[in-house]
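Novice: Supplied in structure tokens, the structure appears directly below.
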Amino acid sequence: MNEFVRFYEENEISPVSQDISNLKLHIKRRERLYRLLGIDSQLFKGANILEVGAGSGYNTLVFLLLGAKVDIVEPNPTGRKEMQNLFSSYHINPSQYQIYDCVIEAFDSSMQYDFVIAEGFLPPFEERQRDVMLEKLFKNVKDGGYCVITTICEFSYFFEYLRRILGLILVKDIGVFEEKVKVLSQAFKGHLETLKFASRPIEDWVKDSILNPVNDHFSFTIADSIRQFQKICAFDVVGTSPALVANLSWYKDIEYSYARQILRDFSSKRHLLVCTQFEDSVRDVEKNDSLACQLRNLKELIKVYREGYKSNQIVKITHLLEEIIRENQDLGEFFLKSVKEVILLLKGEGMSGEKISCMKHFSKAWGRGQQYVCIKKIENEI
């Protein structure tokens with residue numbers, strides 16, 4: 001059992017639970033996502049879908065309501081139980097779906113699917129493990145079919161890392177998991193409420209973003225995903241969300257490769273993942289590469305703190321954040337003020353939930369946390 005699954009099983013957590021009391025809004029959000037990826041929702045009617053890591057099934061529900069048939073690979077027993085209850089509550093015909101109790105590496109099917117969907121679970125794994133998983137995913141995509149995955153990296157998760165260290169300090173002396181969740185939920189509730197269309201309950205966000213040790217390993221960029229795709233099969237990139245790199249292909253430009261364009265330009269655009277308030281811009285690659293190194297160091301320092309709760313790690317984290325401030329002045333006033341607020345809190349005495357909840361700028365600071373990449377499998381490259 002991998003660490004990712006173990007954390008959820010030990011704490012009886014099912015990821016990706018959502019508030020779908022406004023079902024029309026939930027469907028609209030999901031349809032908009034796939035439209036941005038180049039897939040109209042009408043294509044799901046009658047389609048065969050393989051979804052891997054569906055959690056509690058809230059996103060799967062939309063596929064089913066749109067008329068798809070879905071095979072679901074979900075090793076988490078809590079997730080399987082909750083999705084069954086969810087589907088029943090919406091009167092989904094059991095013939096529309098089948099749930100498999102296994103990880104993707106153990107899934108065995110001779111069927112090839114119109115769509116293979118793998119949201120949220122690939123980023124924590126090492127490249128070698130992801131190669132195995134991606135190869136397994138692509139084995140099940142039919143020629144002309146689509147595969148959609150998600151990526152998360154140090155840039156897109158930067159503000160989450162800062163919330164993580166504040167949260168870990170806040171609950172370092174609390175031993176009971178549910179008590180940690182309660183304290184952290186109160187501290188960060190106001191932060192999450194600044195995300196207008198956030199659909200996750202605060203408790204689920206706390207468990208996943210603050211307390212889940214798997215977050216120590218996030219390092220999987222859009223460019224990384226394309227490089228790994230290239231090892232496995234011939235494909236076209238249909239779309240990404242966010243679309244950091246423009247697709248300037250003309251209809252007669254048959255030899256144009258959007259994948260190649262992304263690999264060429266991604267390094268100069270990846271800073272846009274740090275903050276949702278950043279507008280489109282190009283940045284010096286050396287600056288982004290330097291920031292990437294700093295953010296990897298930050299991630300490692302937070303990991304070491306989580307494992308030992310040593311105060312000297314807080315000093316090191318503070319010094320690193322001050323270095324980030326000095327060397328990234330061009331990222332703008334909101335970014336600088338948000339990070340400075342975190343530094344002041346780390347340097348101060350008596351970390352409290354009230355101090356975290358009252359942060360003026362940082363409470364509104366969010367990265368473009370999870371990115372989507374959609375590819376279409378083709379028989380031969382042109």
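Novice: For LEU336, state whether it is modelled with pLDDT of 95 or more and either small (Gly, Ala, Ser) or more than 25 Å from SER281 (Cα to Cα) (or both).
Specialist: For LEU336, the condition - modelled with pLDDT of 95 or more and either small (Gly, Ala, Ser) or more than 25 Å from SER281 (Cα to Cα) (or both) - is not met.
Novice: Next question. Say we look at segment 211-241 and pick out the residues that are part of a loop (DSSP other than H, G, I, E, B) and under 25 Å from PHE158 (Cβ atoms); which of these is most open to solvent (accessible area, probe 1.4 Å)?
Specialist: In this case the residue turns out to be SER219.
Novice: Only one of (1) modelled with pLDDT of 95 or more; (2) buried (at least 22 other Cβ atoms within 10 Å of the Cβ); (3) not in a strand (DSSP E or B) is not met by CYS147, so which one is it?
Specialist: Every listed condition holds for CYS147 apart from (3).
Novice: Identify all residues within segment 86-121 that are closer than 18 Å to VAL214 by Cα and in contact with a Ser or Thr (Cβ under 7 Å, 6 or more places away or on another chain); write none if there are none.
Specialist: Those that are closer than 18 Å to VAL214 by Cα and in contact with a Ser or Thr (Cβ under 7 Å, 6 or more places away or on another chain): GLU119, GLY120.
Novice: Would you call SER95 small (Gly, Ala, Ser), modelled with pLDDT of 95 or more and over 20 Å from the mean Cα position of the chain (by Cα)?
Specialist: So SER95 fits the description; yes.
Novice: Against the condition open to solvent by 10 Å² or more (accessible area, probe 1.4 Å), of a type in the set (Val, Ile, Thr) and in contact with a helix residue (DSSP H, G or I) (Cβ under 8 Å, 6 or more places away or on another chain), how does VAL206 come out, does it pass?
Specialist: No.
Novice: Of these, LEU272, LEU244, LEU301, which one is assigned to a helix (DSSP H, G or I) and out of contact with any Ser or Thr (no Cβ under 8 Å at 6 or more places or on another chain)?
Specialist: LEU301
Novice: Quick check on my filter: what residues within segment 331-346 are assigned to a helix (DSSP H, G or I), more than 19 Å from LEU184 (Cα to Cα) and touching a residue at least 40 places away in the same chain (Cβ under 8 Å)?
Specialist: Hits for segment 331-346 are LEU331, PHE334, PHE335, SER338, VAL339.
Novice: For segment 156-202, how many residues are surrounded by fewer than 22 Cβ atoms within 10 Å (Cβ to Cβ) and part of a loop (DSSP other than H, G, I, E, B)?
Specialist: The qualifying residues number 13.
Novice: Continuing with the same structure: Cβ-Cβ under 7 Å, sequence separation 6+ or interchain: first residue in segment 27-46 and open to solvent by less than 40 Å² (accessible area, probe 1.4 Å), partner outside any helix (DSSP H, G or I) and of a type in the set (A, V, I, L, M, F, W, C). Which pairs?
Specialist: Hits for this filter: LEU37/VAL148; LEU37/VAL238; LEU37/CYS374; ILE39/CYS374; SER41/LEU66; PHE44/LEU66; PHE44/ALA68.
Listed here are the residues, each with its yes/no results for (1) on the phi > 0 side of the Ramachandran plot; (2) without any contact (Cβ under 8 Å) to a residue 24 or more places away in the chain; (3) open to solvent by 80 Å² or more (accessible area, probe 1.4 Å).
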site: TYR97; (1), (2), (3): no, no, no
site: VAL103; (1), (2), (3): no, no, no
site: ALA106; (1), (2), (3): no, yes, no
site: GLN112; (1), (2), (3): no, no, yes
site: PHE115; (1), (2), (3): no, no, no
site: PHE121; (1), (2), (3): no, no, no
site: ARG130; (1), (2), (3): no, no, no
site: LYS136; (1), (2), (3): no, no, no
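Novice: Also, quick follow-up: Conditions first: (1) assigned to a loop (DSSP other than H, G, I, E, B); (2) in contact (Cβ under 8 Å) with a residue 40 or more places away in the chain; (3) more than 30 Å from ILE117 (Cβ to Cβ); (4) not basic (Lys, Arg). GLU349 passes all but one, so which condition is the exception?
Specialist: (2)
Novice: Restricting to segment 358-382, name every residue that is open to solvent by less than 50 Å² (accessible area, probe 1.4 Å), at pLDDT 95 or above and not in a loop (DSSP other than H, G, I, E, B).
Specialist: Scanning segment 358-382 gives PHE362, SER363, GLN371, TYR372, VAL373, CYS374, ILE375.
Novice: Looking at LEU66, is it more than 19 Å from MET111 (Cα to Cα), out of contact with any Pro (no Cβ under 9 Å at 6 or more places or on another chain) and open to solvent by 40 Å² or more (accessible area, probe 1.4 Å)?
Specialist: Spelling it out, LEU66 is indeed more than 19 Å from MET111 (Cα to Cα), out of contact with any Pro (no Cβ under 9 Å at 6 or more places or on another chain) and open to solvent by 40 Å² or more (accessible area, probe 1.4 Å).
Novice: Is it fair to say TYR256 is closer than 22 Å to LEU37 by Cβ, over 23 Å from the mean Cα position of the chain (by Cα) and loosely packed, with under 12 Cβ neighbours inside 10 Å?
Specialist: Working: closer than 22 Å to LEU37 by Cβ: yes; over 23 Å from the mean Cα position of the chain (by Cα): yes; loosely packed, with under 12 Cβ neighbours inside 10 Å: no.
No; evaluated as a whole, the condition is false for this residue.
Novice: Looking at segment 278-303, which of its residues are over 17 Å from VAL171 (Cβ atoms), β-branched (Val, Ile, Thr) and surrounded by 13 or more Cβ atoms within 10 Å (Cβ to Cβ)? Before you say what the answer is, go through the steps one by one.
Specialist: Step one: of segment 278-303, the residues over 17 Å from VAL171 (Cβ atoms) are 278-301.
Then keep just the ones that are β-branched (Val, Ile, Thr); that gives 282, 285.
VAL285, the sole residue that qualifies.
The values are calculated or read from the model by the stated rules, or taken from the named source; none is laboratory data. Quick caveat: nothing in here was measured; it's all calculated off a predicted structure. Glycine also receives a Cβ, built like all others from the backbone with ideal geometry; neighbour counts cover every protein chain displayed. Quick note on the areas: whole protein, heavy atoms, side chains included, nothing else; ligands and nucleic acids left out. Shrake-Rupley method; radii C 1.70, N 1.55, O 1.52, S 1.80 Å.
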